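Data block below; observations after.
Values quoted throughout were computed directly from the atomic coordinates according to the rules given, and no laboratory measurement underlies them. All of these numbers come straight from a predicted model, not from anything done at the bench. All Cβ positions, even for glycine, are placed from backbone atoms using ideal geometry, and neighbour counts span all protein chains on display.
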Amino acid sequence: MQRISIGHRIGKRWMLLVAVVVVAVAGFAVYRLHGIFGSEDVTSTPSGAGNDIVPFNPKHVVMEVFGPPGTIATVTYTDVNAQPQRADNVTLPWAYDTTTTQPAVFVNVSAQGDGDSIGCRIKIDDVVKDERTVNTLNAFTYCLDKSG
């Protein structure tokens, strides 16, 4: 009769036993790390928080074109959404006045009149950002602000 000892059986399967112990320890460690770093804690980032953004720091933008009374001009400008616009045969003075909550505003205005003097001005929050006046036949002027 052949006798097999317990030590002999464990000796043949020791690698399997070590693998089971390593997997169990690793699983427990991952479980504890999830709890420590709060991956399951939703109170730190509640759902729907991104939808509650309220616009702040509104900017009041005014673009003006001016000249002698009765002057007719063609005005081209970019609005606060950076879309090109054109106004034909407008009587001066002309103004574009709006308010926006965009963090930065890039606006420009150019105008050509039928008189001998024309000017433009860009104001953001009542601060003049650019202003030009030209005195010549069929005067042309432009103003630009890219820092607003």
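The C-alpha atoms of the stretch 54-145 occupy a region whose extents along the principal axes are 48, 22, 18 Å, arranged from largest to smallest.
Sorted by mean Cβ packing within 10 Å, highest first, what order do the peptides 57-66, 127-136 take?
Details: 57-66: 18.4, 127-136: 14.2.
In descending order of packing, they fall as 57-66, 127-136.
Peptide packing: for 94-104, 14-24, the average count of neighbouring Cβ atoms within 10 Å per residue gives the ranking 94-104, 14-24, highest mean first.
Rounded to whole numbers, the Karplus 3J(HN,Hα) couplings from phi for the stretch 128-135 are 6, 8, 7, 8, 9, 9, 10, 10 Hz, using 6.51 cos²θ - 1.76 cosθ + 1.60 with θ = phi - 60°, and x at Gly and Pro.
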